[in-house]
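Please read the structure below before turning to the comments.
The values are calculated or read from the model by the stated rules, or taken from the named source; none is laboratory data. Quantities reported herein were computed from a predicted structural model and do not represent experimental measurements. Cβ placement follows ideal geometry from the backbone for every residue including glycine, while neighbour counts extend to all protein chains displayed.
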Amino acid sequence: MKRKIKTMGTLLVSTAIMASMLAACGSGNNSNTNSNTGTNAEASANTGSNNKADAKTPDTSKKVELTWYLLGDPAKDQAKVTAELNKMLQQDLNTTIKLNFTTWTDWQTKYNLLLASGEKIDMIFASSWADFYKFANQGAFMPLNDLLPTYAPATWSSISEQDWKEATVNDKIYAVPATYPEYTPDGIVYRDDWRQELGLPEITDVNSIEAYLDGVKKSKGVTPINGKAYNEVFTMFKAFQGYQQIGGDSGVIVSKSYDTPRDIVAYPFTPEFEEWVKKMKTWAEKGFWKSDTLSDQKEAGDAIKTGQGAVYWRNAPGAGGFITGLQSSNPDIKMNYFPFSRFHGLTTPTLSVNNAMAIPKSAPNAERSLMVLDKLRNDPKYYDLFNYGIEGTHYSMDADGKHIVTPPAGVEAKGFVGYDIATWGVRVESMERKKQAGGWEGFDALLEEFKSQSKPNIFAQVIMDYAPVKSQQAAVNSVIQQYGMPLMMGLVPDVDKAIATYRKQLEAAGVNDVLKYVQEQANKTFDAQGIK
Amino acid sequence: MKGFFQELVRNRILFLMIAPALLFFIVFAYVPMVGVYYAFTRFSFDGGLFGGEFIGFKNFEFLFNSGVLWNLTKNTVLYNIAFIIISNLLQLACAIFLSELPGKWFKKSTQSIMFLPFFVSFVLVGAFVFNLFSNAGVVNTMLTSMGLQPYDFYLHTAPWKYIIVFFHVWKGLGYGTVIYLAAIMSISDEYHEAAKIDGANIFKRVRHITLPLLVPTFILLILLSLGGILKGQFDLFYQIIGNNGMLYNSTDIIDTYVYRSLAVNFDIGMGTAAGLYQSLFGFVLIILVNYIIRKVQKDYALF
């Protein structure tokens, strides 16, 4: 039934839109009557910059209830923590927050609908991977340039110029990025104990990966990537070729390498792709994954936990979390991590807007929202409560006074349910009390490695909404799944024929129009930034 | 007009009873029709919901340009025809068997067991199917233990037509049976008594009494399902086939195609356009079939 909601093809969606629209109308009326009873401080709040901008301390004489949206699910004790937070906010800013969650089920659809329906939201999580640039370009968010210095002064001065630049679209800042630089290259975690036991070579390249998979399959009789294997293979393909996706997920359109960003192609038409899928055909035949992998719903990582698998795709922090998780649940399994960034010795840091908070255009109380955000980001009392819950109930301070321990001292580990919500949009590295990658001991060395080979991310900022080519893009998306994915997994009987079909279908779907559009947009951005 | 109000006053209790149903259709079927507007506009945040720029039939292009629409429509229609015919015939047969069965207890429990799959969610059905037909699934384990070659179901399109139809029929069987059973129950016992006295055996009675009296119900149900003939069962197909492009040639329907095309790039206009195409097709079809039926046998027509 939940899936059904996702069929944007049916009129159901318009039903949903109508429903939310009606709801929005309803709440719109409410807030109107509210502001009638209040002072005009609130009414002027809607118009952005105004005469209050020169006042040192913004007026908070009117009580305001803010509506915020975060991704994911609320914690079990959410009500308790929110109540605590509201107590503090009430005192300091005469404000309370209603914290809403999208839940992870169909979050993307819900997120899109929240913005499209114009629901009155004062602040919402935003991210480059949740189409921040597209939405900002289309005008879904409120420009913040005039508001920030007045209502979030500490945040305004503490976030670096580069970070602000990455949150800027058409010369306007549309989000407050988290201050939490991360490297998230794709890679694989694999069972290192098996590698050592079988005397297989250290994993350094595709050949040693093949040798490892082969060894595990033959000697252990285990399907190495046991579950959904597409991510493992596809990310390896991209990283091995050095392909860079443009402006988030650009489907089959890639820049051929970091050094030649303007060399943009549709990769299925390259000889490298031909060579790769032929190799994948042999891998599939050797049984590195199962022939039903495209229909399998299981994560390959779950098979590792039961001793039925060996390899799992993760990004670097995710790998750390997975490995430390296994260390406590299955101490006899020893894992290691191979980041695909080693193929080319290149990593790009995530954009600052990888996690951010933005204010939708429809927000009734943008100013107050920014003031709350300023508190959350800069006041340790707020930061700890919002991110980690209540001290003593959800965590306690480590001896060093900097980090937290869960479960808190004196609480039984068994049956303890922690406080963990997706507060990624307000994270600040210097305020963090949790170690990245779940505190995995191998992570620091990796981070050093990434930093030493780091180059700025020039591809993610190309802003594209595909508006002129959206029907072609939709058709191409469908072709990728129908013909591209089986090919990538080496499942087709005749590779040459399948490649020919794939290319023919892509062309029929209009891949060249999409390619031309991406090239134009990318070149425009590169011109503006002086990238050759 | 005056007559209408008189009617309203006279039958106020009856109108009151139908009010919730009317309200339901107004809120969930008629008001959302306003959304058809989105099929012809480009959504923009500046304009809000009804401020989009009017762009004519541009939103429909992705359906027509890629040249897959014919195949999708064909798949959707053929699957639905198979669903409708096989489901209805089997439901009819089961209902007749059940009605002729003696023994209340056995009858009731059979009916309940047949009804159960109706409550199973498609997510679970998808899991069943995967565990039956995957490499290490039930079917392949059985094949290998009998010394036969295992069969890669997920690499071949051939078996999936039957698997999908089977599971659809399986899921709806109990529900449809109940409807037919209710129709059978409303047939007066007197016909059967009279036929018995005249020496008709059970087959003759079914053939000449039960079946003819069920025809109106049968046609009504078929007509009702025809309206949705272009609406694929998204849950069924998506849960069973999922992302497996290997199988799309024979299992891709309009709904899954639209989902796949637009999942990456959320677009209200194009989604609505696809929905409108399906609804319009269904509307035309149902009018047409109803027209034909009215010509042939006026009493059986819907309107």
Hey, A:Gln482 out of contact with any Leu (no Cβ under 7 Å at 6 or more places or on another chain), touching a residue at least 12 places away in the same chain (Cβ under 8 Å), away from chain B (no Cβ under 13 Å) and part of a helix (DSSP H, G or I) or not: no
Number of positions in the range B:127-137 that are at the interface with another protein chain (Cβ under 10 Å from one of its Cβ atoms) and either assigned to a helix (DSSP H, G or I) or in contact (Cβ under 8 Å) with a residue 40 or more places away in the chain (or both): 4
Checking A:Gly248 against (1) outside any helix (DSSP H, G or I); (2) within 20 Å of the chain's Cα centre (by Cα); (3) surrounded by 22 or more Cβ atoms within 10 Å (Cβ to Cβ), the condition it does not meet: (3)
Set B:Glu61, B:Glu100: member being among the charged types (D, E, K, R), within 14 Å of another protein chain (Cβ to nearest Cβ) and surrounded by 13 or more Cβ atoms within 10 Å (Cβ to Cβ): B:Glu61
Single residue of A:Ala474, A:Ala498 found to be in a helix (DSSP H, G or I), within 14 Å of chain B (Cβ to nearest Cβ) and either crowded, with 23+ Cβ neighbours inside 10 Å or touching a Gly at 6+ places or on another chain (Cβ under 9 Å) (or both): A:Ala474
Hits in the range B:14-37 (condition: at the interface with chain A (Cβ under 10 Å from one of its Cβ atoms) and within 26 Å of the chain's Cα centre (by Cα)): B:Val27, B:Phe28, B:Ala29, B:Val31, B:Pro32, B:Met33, B:Val34, B:Gly35, B:Val36
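Quick grid of which residues meet (1) at pLDDT below 90; (2) in contact with a Leu (Cβ under 8 Å, 6 or more places away or on another chain); (3) in a loop (DSSP other than H, G, I, E, B); (4) crowded, with 16+ Cβ neighbours inside 10 Å:
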site: B:Gln91; (1), (2), (3), (4): no, yes, no, yes
site: B:Trp105; (1), (2), (3), (4): no, no, no, no
site: B:Val139; (1), (2), (3), (4): no, yes, no, no
site: B:Tyr162; (1), (2), (3), (4): no, no, no, no
Single condition A:Thr282 does not satisfy, out of (1) part of a helix (DSSP H, G or I); (2) buried (at least 17 other Cβ atoms within 10 Å of the Cβ): (2)
All positions within the range A:485-495 that are more than 10 Å from chain B (Cβ to nearest Cβ) and either outside any loop (DSSP other than H, G, I, E, B) or surrounded by 17 or more Cβ atoms within 10 Å (Cβ to Cβ) (or both): A:Gly490, A:Val495
Verdict on A:Gly320 being buried (at least 16 other Cβ atoms within 10 Å of the Cβ), closer than 28 Å to A:Arg427 by Cβ and under 26 Å from the mean Cα position of the chain (by Cα): yes
Residue list for the range A:302-317, filter: surrounded by fewer than 21 Cβ atoms within 10 Å (Cβ to Cβ) and either within 14 Å of A:Glu232 (Cα to Cα) or free of Cβ contacts under 8 Å to residues at least 60 places away in the same chain (or both): A:Lys305, A:Thr306, A:Asn315
Residues satisfying the stated conditions in the range B:253-278, i.e. within 25 Å of A:Gln297 (Cα to Cα), facing chain A (nearest Cβ under 7 Å) and of a type outside the set (A, V, I, L, M, F, W, C): B:Asp255, B:Tyr257, B:Tyr259, B:Arg260, B:Ser261, B:Asn265
Number of positions in the range B:223-251 that are among the aliphatic types (A, V, I, L, M) and within 11 Å of another protein chain (Cβ to nearest Cβ): 6
